[in-house]
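The values are calculated or read from the model by the stated rules, or taken from the named source; none is laboratory data. None of the values given here were measured: they were computed from a predicted structure. Heads up, the Cβs are rebuilt from the backbone with ideal geometry, glycines too, and the neighbour counts pull from every protein chain shown.
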Amino acid sequence: MKYLLLKHYRGGPAPAVEIEPMDRWAPAEVDAHIKYMQDFAARLEQRGEYVDGQALSPDGAFVRYDGEGRPPVTDGPFAETKDLIAGWMVIDVESWDRAVQLAGELSAAPGPGGKPIHEWLEVRPFLTEPPTVTE
Amino acid sequence: MNEPLLRELVPAVIGVLVRRGADFASAEDAVQEALIRALETWQADPPRDPKAWLIAVAWHRFLDATRAETSRRGRELAVEVEPPAGPAPATDDSLRLYFLCAHPTLPQSSAVALTLRAVGGLTTRQIATAYLVPEATMAQRISRAKKRIAGMPLDQPGDLGTVLRVLYLVFNEGYGGKVDLASEAIRLTRHLITLTDEPEVAGLLALMLLHHARRESRTGTGGRLVPLAEQDRSRWDTSLIAEGVMVLQAALVRDRLGEYQAQAAIAALHADARSAAETDWVQIVEWYDELLQLNSSPVVRLNRAVAVGEADGPEAGLAALADVNPDLPRYTAVLAHLHDRAGDLELAAELYAAAARSATSVPERDHLTREAGRVRQLLRA
């Protein structure tokens, strides 16, 4: 079963621990954080549970169709939107419980002082193919 | 090139390497490499004796890998470099291979992957494509599975139940990808039937054939889901149905009923009906009662409630649904359908919409959304 782990810059429940923005961390703390993420992905791949993952820039804009023969309308970028996605990882695991366990592990990535940042991760199941046998 | 023939040879060739002294994990790796080489070269340069070619290439790969390993560890080569003279023994290790690959200690996804590779002769890339994960992830999943069963002998009887479960999962994965997993599951189950005398294997094969027969009619344009009652029955594959019914009857006369036989019997009753209206729902309910005796699962109860609704009317169906766990996927969809049939359209529309929100697949979600829309149109009219 595939699940999306969504990391938000903003949005989601109130942070469990207030953490300074990453650009105020010591360089070694940033390195440790990034290494934790990479090691986490590598472990997932070794266990046969990794599908994909990417980080997203906070830049970008909303875009929509504006009628025949007209260019699309863009809106943004927004400095203060309520929800901003920072990145995502797709995992393929045996169960929801396993997905929750892994999200918990990812959320323990170290921040300032090497302490876990306790960030909220959103876990969302993928829609699948319908089963063949249904009666 | 005859790829199905090539794939059929894979388990036998693994068996030959294991009998020559290779451990299962290394033998399986070597045969996978030989298989990939065959896929690359046989087209232009087909061998006269495909099996002998595979054995020779796999054996050399195995020796190369073992030499590299032993020199790395500074140990003696543990196996004979030259294969024993004379023809390979005729023993068929395929059944043992099924048991090992579907070993109860393995997670289901690993058992599925290992079975498809070692018994099914698929490449890691094909399996990865079928399950929409990167090849490296699938390779690791298989390699971890082999580590977990390392040291388990290949000459032990195993658990047929987990083997059948794995084949059922492969079949039920559907037709999403480029690799036709349903046909692959049928091929492996046909092979399994020649290796064991258990009527449940026939029951599973019959179940697969009877569902596979409806394959073309199950989806409409753009992957749209067509429910059983609305399927164009003239598109059902009558030869698959005939075979499925025959396989099932031969299993049932042996009087050792199991859940796959009971499920196949239900599928056979659907296959028998020339139109949805002619379905023998009373007999289908009886088979669900049998099935409940064998496996009292919530899903069986849910499907039974659908059948009761058809046999005795929606009120009876709703009553049968009362003791089903509402957390089940499809529970709300069934509830919506029964209220729809009972004429309670307001409630049905709301339930269809709720069921769409909790659907686990895109075609089911879209189907339920259309159902909600259809009922709401009726309400407005």
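Some notes on this structure:
- Note on region B:106-140: residues that are more than 11 Å from every other protein chain (Cβ to nearest Cβ) and in a loop (DSSP other than H, G, I, E, B) amount to 4.
- Options A:135, A:105, A:122: the member that is within 14 Å of chain B (Cβ to nearest Cβ), acidic (Asp, Glu) and on the phi < 0 side of the Ramachandran plot: A:135
- Hits in region B:312-356 - residues which are at pLDDT below 95 and basic (Lys, Arg): B:330
- Odd one out for residue A:72 among (1) in contact with a Lys or Arg (Cβ under 8 Å, 6 or more places away or on another chain); (2) within 14 Å of chain B (Cβ to nearest Cβ): (2)
- Looking only at residues in region B:286-302 that are assigned to a helix (DSSP H, G or I) and more than 12 Å from every other protein chain (Cβ to nearest Cβ), the one that is surrounded by the fewest Cβ atoms within 10 Å (Cβ to Cβ) is B:293.
- Residue tally, condition within 26 Å of residue A:3 (Cβ to Cβ), at pLDDT below 95 and away from chain B (no Cβ under 14 Å), over region A:36-61: 7
- Members of region B:332-370 found to be away from chain A (no Cβ under 14 Å) and not aliphatic (A, V, I, L, M), listed by number: B:332, B:339, B:340, B:341, B:343, B:344, B:346, B:350, B:352, B:370
- Where residue B:196 falls short, out of the listed (1) crowded, with 17+ Cβ neighbours inside 10 Å; (2) among the hydroxyl-bearing types (Ser, Thr, Tyr); (3) out of contact with any His (no Cβ under 8 Å at 6 or more places or on another chain): (1)
- Here residue B:274 meets the list (1) touching a Lys or Arg at 6+ places or on another chain (Cβ under 8 Å); (2) free of Cβ contacts under 8 Å to residues at least 40 places away in the same chain almost entirely, failing just condition (2).
- Residue A:53 meets all of the listed conditions (1) touching a Gly at 6+ places or on another chain (Cβ under 9 Å); (2) over 19 Å from residue A:8 (Cα atoms); (3) not aromatic (Phe, Trp, Tyr) but one, namely (2).
- Complete set of residues in region B:245-282 that are farther than 16 Å from residue B:231 by Cβ and over 23 Å from the mean Cα position of the chain (by Cα): B:253, B:254, B:255, B:280, B:281, B:282
- Enumeration of residues in region B:147-169 that are closer than 22 Å to residue B:16 by Cβ and modelled with pLDDT of 95 or more: B:163
- Restricting attention to region A:41-79 and to residues that are acidic (Asp, Glu) and free of Cβ contacts under 8 Å to residues at least 24 places away in the same chain, the residue that is farthest from residue A:123 (Cα to Cα) turns out to be A:68.
- Residue ID - surrounded by the fewest Cβ atoms within 10 Å (Cβ to Cβ), chosen from residues in region B:1-42 that are farther than 16 Å from residue B:113 by Cβ and charged (D, E, K, R): B:40
- Lone qualifier among B:194, B:162, B:189 - being closer than 26 Å to residue B:101 by Cβ, of a type in the set (Ser, Thr, Tyr) and within 14 Å of another protein chain (Cβ to nearest Cβ): B:189
- Qualifying residue in region B:353-376 (condition: in contact (Cβ under 8 Å) with a residue 24 or more places away in the chain, assigned to a helix (DSSP H, G or I), under 25 Å from residue B:241 (Cβ atoms) and aliphatic (A, V, I, L, M)): no
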